[in-house]
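Just so you know, all these numbers are worked out from the coordinates, no wet-lab data involved. Every value quoted in this text rests on a predicted model; they were computed, and no experiment measured them. For neighbour counting, all protein chains shown are included, and Cβ atoms are generated from backbone atoms with ideal geometry for every residue, glycine included.
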Amino acid sequence: MIRLDKVSKKFGTGVFGLSDVTFSVDKGEFVFLVGPTGSGKTTIFKLLIREVLPTEGSIIVNDWDVVKLPKHKIPHLRKKVGVVFQDLKLLFDRTITENISLPLEVAGINQAEARRKTEEILSQVGLISHKDKFPIQLSGGELQRVAIARALVLSPDILLADEPTGNLDPATSWEIIKLLSDINEKGTTIIMATHNTDIVKSLSKRVIELEKGRVVHDGKHEGHKTKEKKEESKNLPE
């Protein structure tokens, strides 16, 4: 489904956002991507949707070699990889329905089918009663659901969620996690970048931990790193 092999990304003069990152994510997995600000989480998301290219290494998403993908095929990749952006990127001069249907409009879906799919996804995320409202009329948790709905409306195989609970209270955060878990149970592969350690500790999911652009842990959360991984992180260059 997803494979990064010895991926590095260099920014500017000698600054590495990622260094020799290798991991795979299987179809249907739910994976947490954790690490401090600047550790490379968002860079990985940008690489997966071909917003940026790696300096070294290969990236496979489904059957696509992302690095070698011709520019005219990038929209096809992005139909299969939905993204919930950290800043949501909602259009505040458009209704909730208009925000969610925008990807369908760009994809050339006819109006009747677009309306059907939009209302279907609005029901799935529990926002059908808000479909004619504008973003300013919704709460933070509801706006997050709009962003998730928009990312799902093209029925992607993969959903990348960048800090989807970052600005939410604990109760609302758990509502979003429940929604993402339900989506995952229906077959969508999810990678969620987060700083929320309570959520990570509470769910028995795979965790990929980044530090200074390197993978320092990959496995189920155990409350601590294994001895091997601890020693590995100690030997990382400053």
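Mean projection of the alpha-carbon convex hull of the stretch 1-119 over all orientations, in nm²? It would help to have the intermediate numbers written out before the result.
Working: hull surface 37.4 nm².
Mean projected area of the Cα convex hull: 9.4 nm².
Please report the net charge: other residues with Cβ closer than 13 Å to the Cβ of I121, K and R +1, D and E -1.
Numbers: positive: R115, R116, K117, K131, R145, R150, K186; negative: E113, E119, E120, D182.
Surrounding charge for I121 is +3.
What residues have an amide H closer than 5 Å to that of G17, excluding those fewer than 5 places away on the same chain, when H is modeled at 1.01 Å from N in the peptide plane?
Residues meeting the criterion, in which the H sits 1.01 Å from N, are K9, K10, F11.
When you have a sec, figure out the Kirkwood radius of the stretch 73-173 from all distinct Cα pair distances and drop it here in Å to one decimal?
Every distinct Cα pair counted, the radius reaches 13.7 Å.
Report the trypsin sites (Lys or Arg not before Pro) located in the stretch 23-94 that are in a DSSP loop and have at most 15 other Cβ atoms inside 10 Å of their Cβ, or state none. Can you show the working numbers first?
Details: sites: K27, K41, K46, R50, K68, K71, K73, R78, K79, K80, K89, R94; in loops: K27, R50, K68, K89, R94.
Taking the stretch 23-94 and a limit of 15 other Cβ atoms within 10 Å, the loop trypsin sites (Lys or Arg not before Pro) found are K27, K68, K89, R94.
Ordered by residue, what ³J(HN,Hα) values in Hz, to whole numbers, does the stretch 103-118 give under the Karplus form 6.51 cos²θ - 1.76 cosθ + 1.60, where θ = phi - 60° and Gly and Pro are x?
x, 5, 4, 5, 7, x, 6, 5, 4, 5, 5, 4, 5, 4, 5, 5
As an exercise, use a Förster radius of 30 Å and the Cβ-Cβ distance of K186 and V15 to find the FRET efficiency, rounded to the nearest 0.05. Don't skip to the answer; put the middle values down first.
Details: r = 40 Å, r/R0 = 1.33.
The pair K186/V15 has a calculated efficiency of 0.15.
Mind jotting down the distance between the C-alpha centroids of the stretch 91-114 and the stretch 131-183, whole Å?
If we compute the Cα centre of each part, the gap is 17 Å.
With label points built 7 Å along Cα→Cβ from the Cα atoms of K79 and D63, find their separation and express it in nm.
According to this spin-label approximation, the distance is 1.4 nm.
What fraction, in whole percent, of alpha-carbon pairs in the chain exceed 23 Å separation? Please report the intermediate quantities before stating the final value.
Working: 14222 of 28203 pairs.
Result: 50 percent of Cα pairs exceed 23 Å.
What are the ³J(HN,Hα) couplings of the stretch 13-27, residue after residue, when phi is run through the Karplus curve with 6.51, -1.76, 1.60 and θ = phi - 60°? Round to Hz, x for glycine and proline.
9, x, 8, 9, x, 9, 9, 6, 8, 9, 6, 10, 10, 7, 4
Quick one: work out the % antiparallel among DSSP beta bridges in the chain, nearest 5.
Values: 20 of 37 bridges.
Bridges in the chain that DSSP calls antiparallel: roughly 55 percent.
What residues qualify as long-range amide H neighbours of H217, i.e. H under 5 Å apart, gap of 5 or more or another chain, H built at 1.01 Å from N?
E209
Sticking with the crude label model, points 7 Å out along Cα→Cβ, report the distance from T22 to V200 in nm, one decimal please.
Distance between the two pseudo-spin positions: 2.3 nm.
Read phi for every residue in the stretch 153-164 and hand back ³J(HN,Hα) as whole Hz from Karplus 6.51 cos²θ - 1.76 cosθ + 1.60, θ = phi - 60°, with x for Gly and Pro.
Once θ is set to phi - 60°, the couplings for the stretch 153-164 become 5, 8, 6, x, 7, 10, 10, 9, 10, 9, 6, x Hz.
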